[in-house]
Every structure is written in structure tokens, then in C-alpha cells.
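Q: Below is one structure. I have some questions about it.
The values are calculated or read from the model by the stated rules, or taken from the named source; none is laboratory data. Computed from a predicted model, the values in this text were never measured in an experiment. Note that each Cβ is placed from the backbone with ideal geometry, even for glycine, and that neighbours are counted across all protein chains shown.
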Ligand SMILES: [Zn+2]
């Protein structure tokens, strides 16, 4: 029997070729500028942190400046000599990422630039019905086309797109999205074809993972470990450990909605019984109010209106949802050492009515809660997190490795 061999790097004893070395050094240098975020770095700092020579740094910086990936800024600070040094930061023109989001009650698109700044955000509310894949993808592609045009007017070139979906994804194909009633929809390929842009790659990923990525950027460097629980029709959990979203870009993680909270509970759309979603899905919360008509209204808006109207049924349903969420989230926190729970997506809008009930369960059920406080709070980006995270993941491809972008520019220049 032959056992599988797992390699972490290509098995080769060949020396690194000169062009590979140049590409590697360019990534190394660019990563220092990306990592510096809002604080521009000087050429001499780049030489010190990368270990590359000043002439090599100068050549790479010139290449990045010419390609429009970085800009020179005002002298940011003085070195030991007291001489002002020219800072280098990421450009706000050039490559950009396109985020696309299909929810049960809305479509949205977003463009972010290389610095991670949102430059365009568009949202279209949809009536609550099972959307047809073909028409939905056509509508989304039209919104994407408008976003690409708006971006071009600001000298931004969309280099890639990521679609966030409320379901399980495998290699660009939506395998199962109960919120949409979709199965085996090749959304990535369809959108690539429908969006009027040259060879625009469209990746597809789970909304909860992308929302966690968006919230990671928004939270800033002080928050590196958290779980972001998003509530729509489906309930997802995006886990971030040490500043890295877990399971992101694999599209098959964070199905918190199908964690069991009561084995004797009602039947779930997944075929099991007593799943979290049966108690805390927004549609299930709304269903607790008899005769409630919410057509055309986003779920969270409809729930908010019922709370404002003093509906006792909605308060009972929210309390039950909070308890169930607390039970399911405590299972996550007992597995990983995370102290911060962000309520994301539409849950961010309902934090006032959910947080106390969740906190009560976490304090009771998480083993470490008696000596380390657990914080439950609304996620800053809320319902926009998934589409912003999707756009960030698209532009991250250039942030991680700008060589393909540079090669494409060289090809276009050669073609005249
Ligand atoms: Zn289920």
C-alpha cells in the first residue's frame, strides 16, 4: 500500500532562479509597506526590516511607484540623523477588489482600494421570496458593472471579485444555500461570464467567513481573536484566531446554525432536529408573531418595528433566540480560547435585545468565564461586513502578491 506523502514545499534541490528571487524580494518589501498600514515607511526602514541592500530596495520601490501600487508621502518622521525621510504608503488608485453579496432579503456590491478603504457601496433590498438564480445573478452582475464603472472614474481597476453567499460552497459552486433555496449553482462561473469586465475572476465563499474578515479589518490591530456570529435566514460563525480568519476561502465552515441546542426540538431545513436556526434564525423569530406580514422589509427592520410596537410575542421570541445563541456559542468558546463575541450581520441591529440573554448563558456555560470576562458586543460593520470582507479578500490577492498585477501591466505596455 502506498501512503500519501504531504509536502509543504516543492521538492526540488534546484537553485532559486533570478526572476523568482526578484519576485520574492518584491513581495517581501511590499508586505512591509502593507503591514505598516497608516504609518508610511522610509526606504532605509525597508532595508533594515527586510535585510535587502539599499540599491535593491531602491529598484523595487521604483518599480512599485511606477506601477502605481505605492505613493510617496510627506516626510513622516526624522531618522536618527534628524534628516526628514520620504515615506512610502499604499496608493488609493490602481488595483481594487469587488465584493458581491447575495442575502435572502438583499443584494449588495462594494469596492475597496488597496488601502482597504471602502470606495463604493450599493445595496438593493429584495422582497422575501425564493430568488431565481439566473435573474438574481443577472441583477447582481448589473450592480457589479455599475460599481466597476464608478471605480474606473476614480482611477481604480477592479482586479478580482468575491461573492459572499449564505450557504456551503465548494470550488465556486454553491452546494447548498437553504436561505435562497439554491443547490449546486455554479455562481462563480456565471458571474464571471455576466460581469462585463475582461477575465474577472469571481471566487465564492461563505458569508460568515467573509464577514469575520471585514470585521477584523474594521476592528483594527487590537482585536486579534474573536468569533463573529452573523444572523440572517442562516446563522454563521466566523472565527478569527491570532488575526487570521479560520476556514476563510474554503467556503465550508462556521455552520453554527446547525449546531443542536435541543435534541427534542423541531425539524430543521437541514434534515436534523433542534438546530440553533430553529430558534434564532431571523425568519423563525418573525414567525413567532401570528399573521405578521413582512414582505419587502429586511428582517431586522421588521423585527425592530414589532419591538417598537410592543409585541410581547416578539420579545419572547428574541429571549428564546438569545438563550439558544448563548448555548451554541458557549460550545464554540469551550473549544477555543476566545473572549470576544461580535454580533454581526442583522444581529448587530438586534444587540439590545439579544446581548443580555447570550451573556447570561455564556457566563453560566463557558468553563473559563468565572475568571476571564467574555464580552458580547455589536460588530461595527454589521450587515455590510460580508460584502466589505468579500471586497477585501479580492484585493488581498494583490496585497499578498503584486507580481501578477505588475506582469499584467508589463504585458499591456508591450502590446501597445
Ligand atoms: Zn439544521
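Q: If I filter region 340-363 down to residues being modelled with pLDDT under 95 and touching a helix residue (DSSP H, G or I) at 6+ places or on another chain (Cβ under 8 Å), which single residue comes out as nearest to residue 241 (Cα to Cα)?
A: 344
Q: Would you confirm whether any residue within region 269-289 is more than 30 Å from residue 146 (Cβ to Cβ), away from the ligand (no atom under 16 Å from the Cβ) and not in a helix (DSSP H, G or I)?
A: yes
Q: At least 2 residues that are touching a residue at least 60 places away in the same chain (Cβ under 8 Å) and within 27 Å of residue 125 (Cα to Cα) in each: list the helices (runs of 4 or more DSSP H) lying fully within region 306-416 that qualify.
A: By residue number, 385-400.
Q: Which is in contact (Cβ under 8 Å) with a residue 24 or more places away in the chain, assigned to a loop (DSSP other than H, G, I, E, B), touching a strand residue (DSSP E or B) at 6+ places or on another chain (Cβ under 9 Å) and away from the ligand (no atom under 15 Å from the Cβ), of 200, 213, 239?
A: Testing whether each residue is in contact (Cβ under 8 Å) with a residue 24 or more places away in the chain, assigned to a loop (DSSP other than H, G, I, E, B), touching a strand residue (DSSP E or B) at 6+ places or on another chain (Cβ under 9 Å) and away from the ligand (no atom under 15 Å from the Cβ) leaves just 200.
Q: Taking the stated definitions as given, is residue 60 touching a strand residue (DSSP E or B) at 6+ places or on another chain (Cβ under 8 Å) and modelled with pLDDT of 90 or more?
A: Spelling it out, it is not the case that residue 60 is touching a strand residue (DSSP E or B) at 6+ places or on another chain (Cβ under 8 Å) and modelled with pLDDT of 90 or more.
Q: Go through the residues of region 75-82 one by one and say whether even a single one is at pLDDT below 90, closer than 19 Å to residue 35 by Cα, crowded, with 17+ Cβ neighbours inside 10 Å and not assigned by TED's automatic domain parsing to the domain that holds residue 395.
A: yes
Q: Here are 154, 222: which of them is over 21 Å from residue 383 (Cβ atoms) and modelled with pLDDT under 95?
A: Only one candidate passes the filter, namely 222.
Q: Does residue 259 satisfy the criteria of being modelled with pLDDT under 95, closer than 16 Å to residue 358 by Cα, within 16 Å of the ligand (Cβ to nearest atom) and not assigned by TED's automatic domain parsing to the domain that holds residue 396?
A: So residue 259 passes the test.
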